[in-house]
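A quick write-up on the structure given underneath.
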There are 2 protein chains.
Amino acid sequence: MERTVERAHIVAAAQLIEGRVRRTPIVDFGPGFFDSSGHVVCKLELLQHTGSFKARGALHRALTSDVPAAGLIAASGGNHGMAVAWVAAELGVASEIFVPEVSPVAKVDKIRRFGATVHVTGAFYDDARAACVARQSETGALDIHPYDHDGTVAGAGTIGAEIEADLDAVDTVLVALGGGGLSSGLAAWFADRPTRVVVVEPETSRCYAAAVEAGRPVEVDVAGVAADSLGARQVGDANWRALADAGAASVTVSDGAIRDAQRRFWAETQLIVEPGGAAAAAAVWSGAYRPADGETVAVVVCGANCDPASITG
Amino acid sequence: MERTVERAHIVAAAQLIEGRVRRTPIVDFGPGFFDSSGHVVCKLELLQHTGSFKARGALHRALTSDVPAAGLIAASGGNHGMAVAWVAAELGVASEIFVPEVSPVAKVDKIRRFGATVHVTGAFYDDARAACVARQSETGALDIHPYDHDGTVAGAGTIGAEIEADLDAVDTVLVALGGGGLSSGLAAWFADRPTRVVVVEPETSRCYAAAVEAGRPVEVDVAGVAADSLGARQVGDANWRALADAGAASVTVSDGAIRDAQRRFWAETQLIVEPGGAAAAAAVWSGAYRPADGETVAVVVCGANCDPASITG
């Protein structure tokens with residue numbers, strides 16, 4: 001598999017976005033938190049601008065592109081839309097965002113608050129994506145794809161650079177996969193290192209597992225509690241390249257395990273974590289991924305955006 | 001003023017509780033977050049066990065005391081009660097907690113979940129305190145005062161040690177004051193350092209400002225949105241010693257500024273912060289404390305425990 005995102009690209013991306021995105025912390029919630037004999041810590045990327053990792057890739061993509069007068073356009077389950085709207089506001093240009101009906105009101109409202117024009121269209125992400133592509137051909141705005149672009153992958157990969165810098169040694173990074181933007185960035189960063197990237201998908205939206213089985217990206221049905229953030233029907237081509245190059249393993253988690261993880265974060269850390277953001281931790285709590293004795297595991301907690309009442313109510 | 005908590009006590013406390021409490025992160029939310037020309041960062045102590053800094057002092061106090069068969073007893077606005085109940089569960093002993101009617105249901109429920117017997121009695125903290133003292137004389141349980149004890153002060157002071165270790169240089173620490181447990185611990189840690197501790201109180205619960213005016217602890221009326229966590233009627237004696245020794249300055253914030261700060265944390269960092277936990281940040285946003293150009297300020301975000309709907313609803 002051809003490697004198109006190298007460490008050097010990610011180092012350059014980190015320099016470009018430094019000071020404009022937040023350096024998010026790694027927190028050890030204590031030996032009892034994950035019920036594991038491994039050393040399992042959390043990268044709290046949900047504290048990022050707009051509440052998810054998406055700010056990194058979107059900003060990097062915009063800063064390495066010519067932004068036309070029409071500004072930015074994107075399709076998104078919600079988090080990427082917020083990120084693009086935020087980037088547009090930072091750069092002082094307009095933005096237009098297409099989201100599917102599955103996107104929570106909390107996300108759609110937040111996109112609007114960043115000043116974007118929002119269109120809610122279609123059932124799932126791919127439907128919104130089609131509407132976005134049609135509109136882009138009319139306006140000529142810069143279309144920032146939520147995952148399938150090497151510039152976005154390099155931006156997300158900066159999380160890997162931070163994990164490596166902040167931990168003495170990390171054996172495994174557990175990360176949720178929707179279309180593959182975040183996980184492929186981590187896979188690209190750790191490609192020649194002993195650190196393994198393990199992808200976590202909902203049982204109901206397993207486009208990466210299906211791609212591994214088929215040997216290439218294929219379409220799957222999507223559903224479930226995390227469908228707004230992890231409900232891409234097919235892993236992106238750029239993302240597949242990096243993940244297959246790294247030979248990233250994958251595990252799946254049930255909707256129940258995701259909900260349990262959300263409640264546990266709230267009860268024990270006071271964090272509101274959205275379903276997709278809790279999926280990687282759910283893999284440990286549910287036993288879908290069992291760290292070995294002494295294995296250092298970084299769990300990427302990648303998104304916050306949901307209605308707190310969906311967890312606490 | 002006699003100094004009864006030295007740096008050495010805090011260093012010893014840090015060693016004793018290390019690995020049992022969480023090392024909480026300092027996060028820079030970016031230059032625009034505080035609208036300040038200073039360098040203002042947040043110590044996210046709300047990620048601590050039980051959702052507030054109280055876990056440190058309560059654990060340290062218990063670990064340096066003989067715990068009788070009757071276990072632990074405490075009066076609390078809520079956060080300290082949670083912490084004592086958690087310490088009791090960690091040590092495998094019973095606990096009995098007295099809270100006033102002003103304590104939010106979210107806090108009372110959480111104390112019960114840690115296995116404590118809870119008594120809701122009296123309007124404010126001092127009323128619950130009187131009931132606790134009466135009960136203690138019957139049971140002989142170890143009474144862990146929420147703030148007025150050098151062991152508790154030393155435990156809270158470990159936050160100062162972490163701030164100093166994690167920041168190259170810190171000019172000012174902004175910290176909310178209820179009875180003075182946290183702020184006096186910070187004052188003791190930084191007593192002989194150039195770092196200044198600035199206390200933040202609600203306009204409606206200003207027992208430290210009143211003590212500074214009187215030259216000694218005096219009683220004040222308490223009210224307002226943060227009364228459950230900051231509503232002590234009088235600064236503690238042990239706390240007054242450390243704060244007066246350091247000559248800690250103070251500022252006050254309105255209830256409206258506290259509510260605004262809670263909403264801002266939620267909108268821009270996705271954190272649920274309780275009124276008392278947001279008070280120190282409110283001092284910057286409201287202009288009650290104005291950092292100088294280039295001044296490095298650590299804002300202690302010291303508590304999370306509230307109903308998210310009180311912020312997002």
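What follows is calculated from the coordinates using simple rules that are stated; it is not laboratory data. All figures in this text were calculated on a predicted structure; none of them were measured in a lab. Virtual Cβ from ideal backbone geometry, glycine too; neighbours counted across all protein chains shown.
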**Request:** Quote the relative contact order of segment A:118-269 in percent (integer), defining contacts as alpha-carbon pairs under 8 Å separated by 6+ residues.
**Result:** 24 percent
**Request:** Would you please give the residues with an amide H less than 5 Å from that of residue A:196, counting only those at least 5 places away or on a separate chain, with H modeled from the backbone geometry?
**Result:** A:172, A:173
**Message:** Please report the spacing between the Cα centers of segment A:239-291 and segment B:30-59 in Å, no decimals.
**Reply:** 26 Å
**Request:** Kindly write out, for segment B:27-32 in residue order, the coupling ³J(HN,Hα) from the Karplus curve 6.51 cos²θ - 1.76 cosθ + 1.60 (θ = phi - 60°), rounded to whole Hz, with x marking Gly and Pro.
**Result:** 10, 9, 7, x, x, x
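When you look at the Cβ of every residue in A:19-31, what mean number of other chain Cβ atoms sits within 10 Å? Don't jump to the answer; show the numbers that get you there.
Numbers: counts 3, 2, 1, 6, 4, 2, 9, 1, 6, 4, 4, 6, 2.
That average works out to 4.
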**Prompt:** Tilt of helix B:79-91 relative to the longest C-alpha principal axis of chain B, in degrees (0 to 90, nearest 10)?
**Reply:** 60 degrees
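Cα gyration tensor of segment B:55-143, axes a ≥ b ≥ c as square roots of the eigenvalues: rounded (a/c below 1.5), prolate (a/b > b/c) or oblate? Don't skip to the end; give the middle numbers.
Values: a/c = 1.81, a/b = 1.30, b/c = 1.40.
Judged from the Cα gyration tensor, segment B:55-143 comes out oblate (a/c at least 1.5, b/c at or above a/b).
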**Request:** Could you tell me which of A:313, B:262, A:46 has its Cα farthest along the dipole of the protein assembly as shown towards the positive end, charges placed at Cβ (Lys, Arg +1; Asp, Glu -1), taken about the Cα centre?
**Result:** A:313
**Prompt:** Sorted from shortest, what are the nm distances separating the label point of residue A:268 from equivalent points in the other copies, each placed 7 Å from Cα along Cα to C-beta?
**Reply:** 3.2
**Prompt:** Considering only the label points, 7 Å along Cα→Cβ from Cα, what distances in nm to one decimal separate residue A:113 from the same position in each other copy, shortest first?
**Reply:** 2.5
**Item:** Whole-Hz couplings from phi, Karplus 6.51/-1.76/1.60, listed for segment A:142-148; x for Gly and Pro
**Value:** 6, 8, 9, 5, x, 8, 8
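Would you work out the relative contact order for chain A, in percent, from Cα pairs under 8 angstrom that are 6 or more residues apart? Before the final figure, lay out each step's value.
On the way: 742 pairs, mean separation 69.6, N = 313.
22 percent.
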**Prompt:** So which GluC sites (Glu not before Pro) in segment B:202-303 end up in coil per DSSP with only 14 or fewer other C-beta atoms within 10 Å?
**Reply:** B:219
**Prompt:** If you count the DSSP beta bridges with both ends in chain A, what percent of them are antiparallel, to the nearest 5?
**Reply:** 10 percent
**Prompt:** For segment B:55-143, what relative contact order do you get, as a whole percent, if you take Cα pairs closer than 8 Å and at least 6 residues apart?
**Reply:** 33 percent
**Fill in**
Residue by residue through segment B:6-20, the couplings from Karplus 6.51 cos²θ - 1.76 cosθ + 1.60 with θ = phi - 60°, in Hz, x for Gly and Pro, are 9, 3, 4, 5, 6, 4, 5, 4, 4, 5, 5, 9, 4, x, 9
**Prompt:** Which residue fluctuates the most in chain B, going by a Gaussian network model with Cα springs under 10 Å, if the choices are B:126, B:66, B:260?
**Reply:** B:66
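Given charges of +1 on the Cβ of Lys and Arg and -1 on the Cβ of Asp and Glu, with all other atoms neutral, how large is the dipole of segment B:45-153 about its Cα centre, in debye to the nearest 20? List each step's numbers first, then the result.
On the way: 9 positive and 12 negative charges, 66 e Å.
In debye, rounded to 20, segment B:45-153 gives about 320.
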**Message:** So if I place +1 on the C-beta of Lys and Arg and -1 on the C-beta of Asp and Glu, and nothing else carries charge, what would the dipole magnitude of chain A be about its Cα centre? I want it in debye, nearest 20.
**Reply:** 480 debye
**Item:** Helix B:255-269 axis, angle to chain B major axis (alpha carbon atoms, nearest 10°)
**Value:** 80 degrees
**GNM result for chain A, Cα springs below 10 Å: residue of A:21, A:222, A:87 fluctuating most strongly** = A:21
**Item:** Label point 7 Å beyond Cα along the C-beta direction, distances from residue A:214 to other copies (nm, shortest first)
**Value:** 7.5
**Item:** Label-point gap, in nm, between residue B:133 and residue A:130 - each point 7 angstrom along Cα→Cβ
**Value:** 7.4 nm
**Fill in**
Residues whose built amide H sits under 5 Å from the amide H of residue B:235, excluding neighbours closer than 5 in sequence, are B:218
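Compute, for the protein assembly as shown, the length of the dipole vector about the Cα centre, with Cβ point charges of +1 (Lys, Arg) and -1 (Asp, Glu) only. Units Debye, rounded to 20.
Working: 50 positive and 76 negative charges, 49 e Å.
Around 240 debye, computed over the protein assembly as shown.
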